[in-house]
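The values are calculated or read from the model by the stated rules, or taken from the named source; none is laboratory data. On a predicted model such as this, the values are computed, not experimentally measured, just so you know. Cβ atoms come from the backbone with ideal geometry, glycine included; neighbour counts cover every protein chain shown.
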């Protein structure tokens with residue numbers, strides 16, 4: 001048996017207290033369910049306690065920006081740091097926000113547009129404007145490190161010029177490709193029925209969707225329960241959803257799938273054992289050849 005040279009590599013980030021460890025574990029389970037072969041799943045977090053043992057943990061990188069920007073999505077730009085400044089992470093990585101629900105195969109996300117160092121979800125709120133939604137993207141470690149370096153060096157200008165990190169990335173990255181349109185969708189754009197049908201129809205999952213993103217509000221657990229938090233009572237007139245059963249179904253199916261957390265380690269160990277065995281056989285053969293047919 002020959003071990004794969006590299007596992008599929010997935011990374012997420014968790015800072016603050018908006019999402020509990022269950023969000024990391026659910027994401028890990030969904031990735032395992034929908035990915036073929038070994039997976040290396042990394043969470044960069046300031047709260048590593050209580051996570052599934054299959055989740056590799058590293059501190060969540062901080063970014064030297066003024067408040068409140070350092071607490072927002074701008075922190076995700078640290079993922080463009082070179083490997084020596086990002087815990088030695090190398091190769092291609094699929095980044096997923098914690099508030100996504102994986103509903104279909106992920107294998108193609110690792111092979112689509114192989115020559116590109118940055119592939120991202122379409123920003124459906126600004127379709128056709130060349131702006132990505134960084135809820136789901138693939139990056140090549142260190143290939144676009146200038147995105148982070150430029151942000152830190154020119155932060156005053158950049159924070160005034162761009163409303164958020166994904167617009168900055170989209171306008172600054174040298175090359176950018178998008179996932180096929182039906183792979184990555186937005187819950188509020190593609191799933192929630194139009195008004196007023198949302199009062200009697202539940203949000204539906206498009207049949208070809210592979211990842212559904214939930215930027216802003218509601219979060220997935222809120223949408224599952226049919227709750228859309230509002231800041232003003234008037235907003236309840238249109239911010240209304242019925243319970244969304246397929247969210248919980250996606251979580252339960254993933255958590256019930258076989259847990260091969262040690263699969264990648266087992267593959268590597270087996271390959272190492274086979275290599276050691278082959279080396280031993282070669283050594284014995286070499287010794288026999290040197291000894292000759294007349295050796296005792």
Q.
For the structure I just gave you, tell me whether residue 221 is assigned to a helix (DSSP H, G or I), surrounded by 15 or more Cβ atoms within 10 Å (Cβ to Cβ) and touching a strand residue (DSSP E or B) at 6+ places or on another chain (Cβ under 8 Å).
A. no
Restricting region 65-78 to residues that are out of contact with any helix residue (DSSP H, G or I) (no Cβ under 7 Å at 6 or more places or on another chain) and closer than 22 Å to residue 216 by Cβ, the one surrounded by the most Cβ atoms within 10 Å (Cβ to Cβ) turns out to be 75
When residue 255 is run through (1) assigned to a helix (DSSP H, G or I); (2) more than 26 Å from residue 134 (Cβ to Cβ); (3) out of contact with any helix residue (DSSP H, G or I) (no Cβ under 9 Å at 6 or more places or on another chain); (4) at pLDDT 85 or above, the failure sits at (3)
Fill in: Selection status of residue 62, surrounded by fewer than 20 Cβ atoms within 10 Å (Cβ to Cβ) and over 28 Å from residue 164 (Cα atoms)
no
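Any idea how many residues of region 23-39 are more than 17 Å from residue 251 (Cβ to Cβ) and crowded, with 17+ Cβ neighbours inside 10 Å? Don't jump to the end; show me each part of the working.
Narrowing region 23-39 to residues more than 17 Å from residue 251 (Cβ to Cβ): 36-39.
Pick out the ones that are also crowded, with 17+ Cβ neighbours inside 10 Å and you get 38-39.
Result for region 23-39: 2.
Considering each residue of region 104-116, count those that are part of a loop (DSSP other than H, G, I, E, B), closer than 20 Å to residue 186 by Cβ and either out of contact with any helix residue (DSSP H, G or I) (no Cβ under 6 Å at 6 or more places or on another chain) or free of Cβ contacts under 8 Å to residues at least 24 places away in the same chain (or both), and give that number. Break it down into steps so the answer makes sense when it comes.
Pass one, region 104-116, residues part of a loop (DSSP other than H, G, I, E, B): 104-106, 111-116.
Pick out the ones that are also closer than 20 Å to residue 186 by Cβ and you get 104-106, 112.
Add one more test, that the residue is either out of contact with any helix residue (DSSP H, G or I) (no Cβ under 6 Å at 6 or more places or on another chain) or free of Cβ contacts under 8 Å to residues at least 24 places away in the same chain (or both), and what stays is 104, 112.
So the answer is 2.
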Per the list (1) under 30 Å from residue 56 (Cα atoms); (2) surrounded by fewer than 12 Cβ atoms within 10 Å (Cβ to Cβ); (3) at pLDDT below 50, residue check on residue 270 breaks on (2)
- Message: Taking the criterion of being closer than 21 Å to residue 137 by Cβ and assigned to a helix (DSSP H, G or I), would at least one residue in region 34-50 satisfy it?
- Response: yes
Of the candidates 56, 62, the one satisfying the condition of being free of Cβ contacts under 8 Å to residues at least 40 places away in the same chain and under 30 Å from residue 258 (Cβ atoms) is 56
